[in-house]
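As C-alpha cells, the structure follows; a few thoughts come after it.
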Amino acid sequence: MRLLRIHKEGKSAVIRIGIVLILINVFFMYILPNTIFTAILLGASILLYAMSLNFYRHPNRTYKGDLYGLVNAPTDGKVVVIEKVFEKEFFNDERIQISIFMSFFNAHSNWIPVTGKITHFSHMDGNFHAAYLPKSSHENEHTNILIETPEHGTVLVKQIAGAMARRIVTYIKEGDEVHIGSPLGFIKLGSRMDIFLPTDSELLVELGEEVHANVTFLARLTQRI
C-alpha cells in the first residue's frame, strides 16, 4: 500500500489546516458536548481535511525514457478547450490549443509535457477570472514556457491562475534541458494549464475528458527532421 505523498508546496498548509480544525472541534466539544452540532462539525472537518490532502497530494507517477513525439498531460483535470487558434505572441501562426481545468478536487501538481529545452520563460501579472473562462488564458496571471523538442518543433505551455489562485510556482528556467513527466511546478487553488501544439498534431483526447498527468497522452507530434 502506497503512502499518500504531500507536495512540498502544501506541507505547511496541510499542517495549518489540521491545527485550525482540531482547535475548532476541541472548542465546540468543550462548550457543546454530545450534541448533533459537534458531530456534524467533526464530520465536516474530516471531509475538509481529506479534500485538502487530495488537493496537495503529489502523485507518484513517472515515465521511463523520453518518449519523443508524445505530449504528456501536464496536470490532472478536465479538458475544457480543444480548438485551433491564432497564437500571435510567440508563433504568429495557427496552433491547436488544449486547455485543462483543475478543480479543487484535482491534485494541482504540474509536470513537463514534452522532452526538450526551455527556450523561453516569463511570468505575467494579470487578473483572476475563473480559470475555465477562455479569456483567462491571456488576461489572468500566467506563465509562458516554450519547450523546443529535438525533432518535433516547439510547444508553448501556460500555467494560469484562477479566481481563487494567488500563487504560481515554477521550477524551471530558460536553458534547462527537461524531460517528459518531470516536475514543472504547482498552482494553488483553482487553476488551468494551456498547451499550444502544431496544427498537424494527432490529438489523443476529447473535449470534456478527464486526464491524469504522467498517465494520459494529449497528442502525438509530427516529426520535423
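Before moving on, here are some points about what is shown:
- Residues that are in a loop (DSSP other than H, G, I, E, B) and either among the charged types (D, E, K, R) or modelled with pLDDT of 95 or more (or both) were ranked within region 153-174; the one that is nearest to P59 (Cα to Cα) is R167.
- Residue within region 61-68 that is at pLDDT 90 or above, touching a His at 6+ places or on another chain (Cβ under 9 Å) and surrounded by 13 or more Cβ atoms within 10 Å (Cβ to Cβ) present: yes
- Scoring V205 on the criteria (1) surrounded by fewer than 21 Cβ atoms within 10 Å (Cβ to Cβ); (2) outside any loop (DSSP other than H, G, I, E, B); (3) modelled with pLDDT of 95 or more leaves a single failure, condition (2).
- From the options T170, T154, T143, residue that is closer than 21 Å to E89 by Cβ and in contact with a Lys or Arg (Cβ under 8 Å, 6 or more places away or on another chain): T143
- Filter result for the condition that a residue is surrounded by 15 or more Cβ atoms within 10 Å (Cβ to Cβ), touching a residue at least 12 places away in the same chain (Cβ under 8 Å) and either assigned to a helix (DSSP H, G or I) or among the basic types (K, R) (or both), over K78, K84: K78
- Count - residues of region 175-202 that are assigned to a loop (DSSP other than H, G, I, E, B) and within 16 Å of L67 (Cα to Cα): 5
- Residues being under 20 Å from E210 (Cα atoms) and either touching a helix residue (DSSP H, G or I) at 6+ places or on another chain (Cβ under 6 Å) or aliphatic (A, V, I, L, M) (or both) - total across region 54-77: 4
- Hits in region 93-103 - residues which are surrounded by 13 or more Cβ atoms within 10 Å (Cβ to Cβ), out of contact with any Lys or Arg (no Cβ under 7 Å at 6 or more places or on another chain) and either modelled with pLDDT of 95 or more or of a type outside the set (S, T, N, Q) (or both): R95, Q97, I98
- Scan of region 5-58 for residues that are surrounded by fewer than 11 Cβ atoms within 10 Å (Cβ to Cβ) and part of a loop (DSSP other than H, G, I, E, B), ordered by number: P33, N34
- Whichever residue in region 115-144 is modelled with pLDDT under 85 and either acidic (D, E) or in contact with a Leu (Cβ under 8 Å, 6 or more places away or on another chain) (or both) and, among such residues, is surrounded by the most Cβ atoms within 10 Å (Cβ to Cβ): E141
The values are calculated or read from the model by the stated rules, or taken from the named source; none is laboratory data. Keep in mind that what you see is a predicted model, and the values were worked out from it rather than measured. Here Cβ is always computed from backbone atoms with ideal geometry, including for glycine, and neighbour counts include all displayed protein chains.
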